[in-house]
Structure formats: structure tokens, C-alpha cells
Amino acid sequence: MNPQYYRYWGKAHADQEQGPAYHLLPYHCLDVAAVADVWWKQSFNIRRSFIGIAGLNEKQARAWLLFFVTLHDYGKFDLRFQRKAPEVWEVVNTEVSSMPIQLNGLSIKEYYHGPAGLYWFYQDLKERFSSGEGDFCFDDNEDWLAWYSWLAPVVGHHGAIPQDYEKDNLKYSLHSASQQILDTLKEARQQWLKVVELLFLVPAELSLNDTPPLLTVTKNSQTSATMLAGFCSICDWLGSSARFFYDDQSCDDLSKWYKSRLDIAKTTLQEAGVISQIRSYQTIDKLLNGNSPRQVQCLVEDLPKIPGLTLIEASTGSGKTETALAYAWQLLALGLADSIVFALPTQATANAMLKRLEMAAPLLFDNQTNVVLAHGRAKYEQNFIDLKQACQPHTAQGYEEAWVQCGNWLAQSRKRVFLGQIGVCTVDQVLVSVLPVKHKFVRGFGIGRSVLIIDEVHAYDSYMYGLLDAVLEQQRLAGGSAILLSATLPFQQKAQLAESWGSKLVTPNKNYPLITHCSLGQTATFDLLALREQQPKPTSVQVELIKTPHLLPDVDFIQHLLDAVVLGAQVCLVCNIVAVAQQLYQQVSVIIEQDDRFSEDQLLLFHSRFIFADRQQKERTVLNLFGAEPAPADARSKGHLLIATQVVEQSLDLDFDWMVTQLCPVDLLFQRMGRLHRHLRNRPEHYKNPVCTVLLPTENDYELHELIYGNSRVLWRTQQCLQQAEQKTESQVSFPDAYRDWIELVYSEEAWAEDEPDWVQKSYEAYEIDRDASQMTARQLITSNMNELSDNDSHVSALTRDGDMCLNLTPFYTNTQGKPCLLSGQQIDTLDESDRLESINLNSVAVPKYWGDHGRLPGTDKDGFIWLAMQIGSGECLSAEESSYLYFYNSKAGFSRVARTQGNAEA
């Protein structure tokens with residue numbers, strides 16, 4: 001007689017499919033195990049990570065890992081799952097399918113085999129897990145905690161790891177079934193358990209009588225569960241692909257059958273591109289196109305060749321990115337990581353980084369490299385997934401099916417970043433790996449197997465730092481590495497980051513540039529004191545201060561800007577608020593329209609509030625005009641004025657002749673100054689030396705600028721430092737000394753004894769309360785047991801940003817046929833399911849969270865999108881009226897809103 005477990009299906013085709021109608025459940029479970037087995041063998045880093053998590057030798061760690069991965073669909077041994085495909089069920093198990101039972105359609109539809117697997121496993125072995133005797137003993141013994149720590153992540157592979165209480169949840173009890181049915185189902189599960197024991201545990205001299213090691217969980221991290229659930233989930237996706245052909249016949253030798261699937265698993269992993277073929281490290285010179293290493297790049301060969309946290313502090317344009325890539329390459333070549341995830345503060349900086357990483361990828365990897373941008377023009381190996389096919393519910397399980405879930409998850413291109421060799425994303429996509437979002441463990445696993453590089457790490461607020469602490473702790477516990485880059489990092493921030501890696505920084509190190517490495521509770525620093533020829537040459541920026549109401553340039557100063565453009569200067573005016581930049585752009589546009597000396601293309605506006613297609617074009621134009629290599633070559637032959645926001649201060653290689661900026665915190669001010677005279681080239685007369693003009697308030701009130709940065713004391717102290725510099729003969733800021741002197745002074749926790757006004761100190765005390773509350777909110781959200789939210793961009797931004805750009809708004813219009821269209825012109829109801837999510841993302845605009853207060857905007861739909869109906873007006877401008885506001889969009893100015901009673905655009 002065939003064993004009972006052969007009488008259950010694991011995968012079933014819809015009626016129209018060819019070939020066998022179903023795939024037996026044991027076979028699917030072993031397909032997934034085969035993927036895990038081959039991945040284990042081919043990745044030293046995967047082995048290292050799970051051996052470290054389990055605390056066992058390689059043989060036993062592999063045994064427990066494959067044992068539990070094979071149990072991932074334990075909950076499919078249940079009538080409610082089997083009856084999701086009733087015709088198949090009647091064929092595969094004629095005996096049980098003919099037994100009478102009352103099951104309604106809703107109980108079948110709502111049966112979720114993931115947490116049910118936890119329930120059935122516990123109930124099947126309940127006597128073993130009881131801590132005592134008698135009917136009134138409700139506690140579990142320590143054995144259960146260990147088994148739960150492995151089982152919950154694998155049965156939670158479809159999106160959410162079940163909580164311990166699910167083991168007692170009576171909704172899974174199948175109370176309407178007869179005892180005969182319950183006994184038959186249990187027998188099949190028990191037989192399967194014994195077979196899996198023989199396949200994987202016994203060869204490692206283990207058995208079901210043994211207890212697996214407890215996978216520990218820290219206060220702010222579930223690293224073990226994250227790595228295991230993420231690994232199992234991807235193995236399930238790949239093991240559910242079409243290459244694993246269906247088999248509906250039982251076999252005599254399950255071990256032999258399993259071995260026959262290993263070659264299929266190997267091919268599947270190769271086609272997916274998740275197995276990295278890493279080139280041997282060949283020194284940093286290979287990344288520099290024949291140029292010699294300079295400054296911090298000269299330190300990379302001295303860095304420890306072990307997993308750890310590395311902080312690289314070096315000036316803008318000094319080669320931090322290549323330093324990080326070279327060190328990451330060393331770790332990859334040693335088998336300490338399989339891939340790289342590069343996180344940046346904004347989409348603009350991620351776009352700019354993509355080209356650099358595409359050039360570096362073939363040097364690091366032998367195979368066809370997947371360089372994945374987390375949005376927009378993402379290159380991805382299509383053999384991994386045919387999204388158009390995968391997103392359709394062609395299987396009997398519909399959207400519960402693993403391959404369909406894979407397609408849906410990846411269809412939002414921001415998710416693909418975690419499955420390539422090099423992923424480029426915004427930092428939000430990394431931070432959400434520790435938050436209650438479905439499939440967060442796929443992100444966490446992707447990051448854990450990678451070298452995580454985060455650029456401009458100074459640019460994040462208190463709330464985001466609370467999340468970043470948890471990300472770094474998770475990365476450390478996974479045995480991974482992280483590299484953090486910044487030109488300007490206050491000591492208190494460095495100490496906080498080091499603490500998240502289990503290390504302590506006691507006293508500031510004033511050397512600059514500096515690399516700090518933390519590992520195993522120890523810290524080491526690397527500087528250029530012994531390489532004096534590589535120390536950065538002193539440079540200076542002349543500062544010019546202008547006090548003006550609301551930090552806005554007046555008409556005379558705007559004319560001064562335009563006069564510079566006439567002289568051929570490349571000028572940048574940086575505003576702290578999008579609406580201010582838009583207003584100034586409109587104001588200057590009117591002036592140049594009436595002046596024959598200017599052409600329209602000499603004035604540009606660049607901020608974050610564009611749909612992706614328009615923003616991408618803006619980025620290209622900005623980089624072509626102001627980048628390292630202008631395109632065309634004579635692009636700088638005439639002057640330009642760029643009105644921009646913070647998007648220009650981070651990671652973009654831009655070069656201006658004159659910088660004008662509203663007052664901002666000192667570290668961000670230095671970033672803006674770093675866009676002055678960045679490359680050697682001829683400059684217009686009067687702009688031979690770098691000058692930064694800073695607009696200051698006329699009163700002791702920073703207005704909305706204080707709300708933007710949250711800390712008026714930092715603004716006040718920055719202003720004092722600037723005023724003191726202006727009073728000196730040179731009126732200059734000297735680098736690199738200012739990186740340490742100014743930043744430590746401005747960000748010091750101690751009050752400036754005599755000079756600091758009471759209103760500044762009181763404002764800072766309020767800021768401290770808000771900062772602590774933000775970090776507490778972050779910690780509470782990380783450790784909360786709230787139900788996981790769907791993994792869409794609205795939820796990602798809402799959970800990772802503490803109040804700034806937290807709403808994703810999707811404007812649309814109705815075409816002449818009466819059909820709703822995205823701003824790209826795509827008709828929404830004709831979008832293929834696989835394209836829909838990404839198309840909507842690329843046509844959405846990030847707006848402040850408060851825009852949605854008091855019902856001022858429509859509510860979100862089931863996918864988390866806010867839809868705003870707009871009307872087409874003149875000049876390709878779209879408009880809408882909602883509540884007491886008017887909304888406008890065009891490709892030149894972006895998205896804005898105007899309060900009808902005020903007639904002014906808001907921030």
C-alpha cells in the first residue's frame with residue numbers, strides 16, 4: 001500500500017493547463033528542499049550564516065535547516081486546503097474525499113495553511129511539548145520554544161510569521177470532521193514527519209527525539225526568524241516555478257526521487273541569478289579605471305577582513321563610494337557576503353548611483369550580473385520570473401500560490417533590489433525590513449546575505465535612526481556587514497551607530513578623514529597620518545551672508561542671480577521647502593520671459609515632487625548640465641540657474657560656480673558647499689573662487705525651516721558659526737578642519753554657556769522630547785504584534801518617515817473616451833496585472849502626510865494608493881479641486897497645492 005502522504009496534492013493546475021493536473025505534496029516539499037540544499041552547497045555565506053545562527057557544526061545545521069524547510073507546507077495536510085481543488089482531491093484521495101463532512105465555501109476559502117501548519121504540528125505532538133501531567137497544565141516545556149523558533153519562520157513563508165498563540169487557535173481545529181477523518185489526516189502527517197526525519201536528520205546522527213537549538217530573539221530584532229523565513233520563502237518561490245514539472249505518481253524510493261530534483265534546483269538557481277559567481281579581489285585600482293587610489297581609498301587594503309560595521313568619514317568627492325565597493329568586494333571574495341545592497345537617501349541619488357554600480361558590477365561578478373534599481377529602469381534577469389505569467393492566478397490556490405505571490409511581490413520593482421547581485425534603493429526599502437510589513441523577512445534575508453552600504457548616513461531624522469539601529473543589529477546578528485558613508489557625522493551619532501553593533505566609542509577621534517571599524521565588541525580606526533601625501537589638501541569656501549525676510553531672496557537679489565547667468569555662471573539656489581522653490585521658479589520664469597538675454601532652458605527647477613518619468617528627465621538634464629562630464633560638451637557654454645531643494649545636496653556629482661542657499665543645519669550646509677567648484681574646469685570671470693551665499697532670517701524665528709529640520713538650536717548655532725566666519729578677514733570656511741570643528745560645536749549636547757538665548761534652549765528641550773518620542777515610536781513599532789500591512793509603497797513611506805513625505809498620491813485624468821489614465825498616458829484598465837503596480841508607482845507623487853489630514857484628500861484603496869482625479873488644462877497643466885485646496889501638476893513645476901482662500905502654494 002502507498003503511504004498516506006502520497007494521497008495529498010501540493011500544487012494543482014487550473015483546468016486548462018496541460019500535463020498532470022497536480023503535483024503530490026511530498027514532491028513539492030522536496031522540490032523546495034532541493035533548492036535550499038543546492039543553495040546551501042553553493043554559497044559559503046549561506047552556510048556560514050545559518051551555522052552561526054544555529055550554533056552547530058555544518059552537518060547538523062544543514063540537517064535541521066532542510067528538515068524544517070521540507071515541513072514548510074505541513075498545513076496542507078488538511079481537508080480545507082485539499083478541497084481548494086475539489087476535482088483533484090477526489091482523484092488523489094478517493095477514500096477520504098468520499099467521507100461525509102460539512103465544509104462551507106468560506107471555511108475553505110479562508111483556510112490559510114501557514115499558521116495552520118503550526119497548529120497541526122503542535123497538536124500532533126502535544127504530549128511531547130506539555131510541561132507536566134494532568135488536564136490542567138497549560139504551560140509548554142522548553143522543547144516547544146526551540147521547535148517553534150524553527151517551525152514558525154518556515155510555515156510563515158507566505159508573508160507573516162505566526163505568533164505562538166496560533167498553536168492553540170481553534171479556528172484551525174476542523175471541528176466538523178469525524179474522528180476517522182482526523183485520525184487519517186494525522187496519520188499522513190506523522191508518516192511524512194518520519195520520512196523527513198529519515199531523509200535529513202538521521203544522516204546527521206539526529207532524530208525526532210532530539211531538540212533543535214533554540215534560535216534566540218533579541219529585544220529589537222528577530223534576526224534568526226528573518227533569515228530562516230526569507231530563505232524558505234525564496235526557496236518556495238523557486239521550487240514552485242514551472243521548471244519543477246508536476247509528478248502525480250508515487251515512487252518506491254523517495255531519496256532517489258529527491259536526488260533527481262537537485263539538478264533542476266541547480267538550474268533554477270542559476271537562471272534566477274541569486275547565486276553569485278564572485279571574482280577574486282584584485283585591489284581597488286580595478287575600480288578606478290587606471291587611476292591611482294587617493295585619500296581614504298589608500299586605506300582599504302588595511303581594513304579587517306571580517307564581518308563588521310565600517311564608518312567611512314571623508315569629504316565630498318574624495319572617493320568614498322569606490323572605497324566602500326572595494327571593501328565590499330574583499331568581503332564578497334572571502335565568502336562573507338553574496339551580494340551588495342546600496343541604500344541612498346533619495347530616488348535621485350539612487351538613480352545617479354545606478355550607472356556607477358553597473359560599471360563596477362562586471363569587475364566583481366563573473367556571471368551575468370543582476371544590477372537592480374529599486375524603482376524605474378530596473379534591469380533584471382527575466383529568467384527568474386516572467387511577471388506577466390506569474391501574476392495571474394493560474395493555479396488552484398489562486399493568490400495563495402507561492403509563484404503567484406512571488407510575481408505580485410516582485411511586480412513592484414522596488415522589491416527586486418533584494419534578489420540581485422547589486423541592489424540600489426532608497427533607505428526606506430531597507431528600514432522596512434524591521435517593521436510589520438508582509439514579506440519583510442525577504443528584505444531582511446536579502447540584506448543579511450549582503451554587504452549593506454548606506455550613503456549620506458547623517459541625513460536621517462531621529463525616527464529613522466531608531467529604525468536604523470534595529471537594521472544594524474539585525475545585520476550584525478545575521479553575521480553580515482554594513483558600511484556607512486558620510487562626509488559629516490557628529491560624534492554622538494557615531495557612538496549611537498557603534499552601539500547598535502555592540503561596540504562603544506568613548507572619546508571623539510578628531511583625525512579626518514577617518515575609517516572606524518566595529519566588530520565583536522571591538523573598534524579600530526584608520527587614518528592618513530602616516531600617508532601625508534594623501535591627506536586632503538586644504539580648501540576654503542568664501543561665505544556671504546544676507547539677512548532677508550522669511551529667508552527669501554528679494555527682487556534685487558534675484559536680478560543679481562540672473563546677471564551671473566548672463567556672465568555664463570552655473571548658479572544653484574537651494575530652498576528648504578518644495579513650495580518655496582516652486583514659487584521662486586514661477587517668479588523668475590516671469591522675469592526671464594520678458595528679458596531677451598535669456599532662453600527658457602537656462603532656468604531649471606529640481607525637487608522631489610514629480611512623477612518618476614518627469615523626475616528622471618529632470619535628473620538627466622541636471623546631470624548633463626552640472627555633472628562631471630557635461631553633455632553635450634558645450635552645455636556649460638552659457639549660464640544656467642537651477643532652483644532646487646535638498647535633492648542636490650546628497651550623493652549627486654554636481655558642480656556649480658556659485659551656490660546660494662537658505663540657512664540649514666551645518667552638516668547639510670557643508671554638503672551644499674561640496675557642490676561648489678567640484679571639478680577642475682574654466683570658470684567665468686568673478687567666479688574663479690568658490691562662494692556660498694547663505695540667506696538668514698531678519699528675526700529670531702526660523703518659521704517653517706525649524707519644522708523641516710526639527711531643531712532650531714542647530715540652525716541658530718550654524719548661523720552663529722557663519723557670522724563669526726564672516727567677521728574674519730577672509731570670510732571663509734576652511735576644509736577639512738571645519739568638518740570636525742564646526743560640526744562637533746554645533747551638535748554638542750552641552751549648551752553654549754553664555755551666548756545661547758533662552759528661546760533657543762527651550763526650543764531644544766522641546767526638540768529633545770520629540771526626538772525621544774520618535775525613537776520610542778520606532779522601537780515600539782519594531783516590537784509590536786500588530787498585523788502585518790501589505791508591502792506597498794504607501795505603507796513603506798508611512799512607516800519609515802516620521803511625518804515628511806509619507807503619502808503617495810496618484811493623480812489621474814479621464815481621456816476623450818471617458819477612460820481613466822495615469823499621467824504617463826497609460827489607460828489604467830488596460831494595464832497588465834504584472835505591470836499595474838509598477839506603473840502606478842512610477843506615476844505617483846510623494847506629498848507631506850498632513851496633506852491628508854481632516855479628509856482633505858480621498859482615502860486609500862485596498863492597495864494603499866490615494867487617487868486624485870484631475871482635469872487637463874492649458875499648457876499640459878492638470879488641476880483638481882479637493883476640499884478647500886486646488887491641486888496642480890505639470891512637468892516643469894511638479895505637483896503643488898494652493899489654499900483657495902490664500903491663493904498661495906503651501907509647503
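Tabulated data for the structure shown
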quantity: Cα gyration tensor category, rounded, prolate or oblate, for the chain with a/c compared to 1.5; calculated: prolate
quantity: Peptide ranges 423-429, 723-729 listed from the most packed, as the mean C-beta count within 10 angstrom indicates; calculated: 423-429, 723-729
quantity: Peptides ranked, highest mean first, by Cβ atoms within 10 Å: ranges 112-121, 300-309; calculated: 112-121, 300-309
quantity: Accessible carbon and sulfur surface of the chain relative to its total accessible area, %, 1.4 Å; calculated: 48
quantity: Sequence-separation-based contact order of region 547-623, relative, with Cα cut under 8 Å and 6+ spacing, percent; calculated: 21
quantity: Region 585-636 versus region 136-211: alpha-carbon centroid distance in Å; calculated: 62
quantity: Cα-based shape type of region 103-208, given that a ≥ b ≥ c are square roots of the gyration tensor eigenvalues and the cut on a/c is 1.5; calculated: rounded
quantity: Probe 1.4 Å, accessible area per residue of region 512-595, Å²; calculated: 47
quantity: Peptide ranges 598-604, 329-335, 466-472 listed from the most packed, as the mean C-beta count within 10 angstrom indicates; calculated: 466-472, 329-335, 598-604
quantity: Filter on Lys494/Lys892; Lys494/Lys638; Lys638/Lys892; Lys109/Lys440; Lys305/Lys438 - keep pairs with C-alpha separation over 31 Å; calculated: Lys494/Lys892; Lys494/Lys638; Lys305/Lys438
quantity: Three-way shape call for region 443-550 based on the alpha-carbon gyration tensor, with the a/c threshold at 1.5; calculated: oblate
quantity: Amide H contacts of Leu676 (H built 1.01 Å from N, under 5 Å, at least 5 apart or other chain); calculated: Phe656
quantity: Derived scalar couplings ³J(HN,Hα) [region 671-676; Karplus, 6.51 cos²θ - 1.76 cosθ + 1.60; whole Hz; x for Gly, Pro]; calculated: 4, 5, 4, x, 8, 9
quantity: In sequence order, calculated HN-Hα J values of region 35-50 (Karplus, 6.51, -1.76, 1.60; Hz; x Gly/Pro); calculated: 4, 4, 5, 5, 4, 4, 5, 8, 10, 4, 5, 4, 4, 4, 5, 6
quantity: Average accessible area per residue (Å²) across region 620-727 - probe 1.4 Å, nucleic acids and ligands excluded; calculated: 36
quantity: Set Lys320/Lys537; Lys167/Lys194; Lys11/Lys259; Lys41/Lys355 screened for pairs whose C-alpha atoms are more than 28 Å apart; calculated: Lys41/Lys355
quantity: Contact order normalised by residue count of the chain, Cα under 8 Å, 6+ apart, percent; calculated: 12
quantity: DSSP bridge orientation in the chain - percent antiparallel, rounded to nearest 5; calculated: 45
quantity: Placed amide H near Leu545: partners under 5 Å, 5+ positions off or other chain; calculated: Val694
quantity: Charge-dipole axis of region 449-505 as Lys and Arg at +1 and Asp and Glu at -1 on Cβ define it, positive-most pick from Ala459, Leu497, Ser486; calculated: Leu497
quantity: For Gly894, residues with placed amide H under 5 Å, excluding near neighbours; calculated: none
quantity: Anchor Lys762: aspartates and glutamates whose Cα lies under 19 Å away (excluding residues fewer than 8 positions away in-chain); calculated: Glu699, Asp701, Glu703, Glu706, Glu749, Glu750, Glu754, Asp770, Asp772
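The values are calculated or read from the model by the stated rules, or taken from the named source; none is laboratory data. As the structure is a computational prediction, the values presented were derived from the model and not from experiment. All Cβ positions, even for glycine, are placed from backbone atoms using ideal geometry, and neighbour counts span all protein chains on display. With ligands, DNA and RNA removed, areas are computed over all heavy atoms of the protein, side chains included. Shrake-Rupley method; radii C 1.70, N 1.55, O 1.52, S 1.80 Å.
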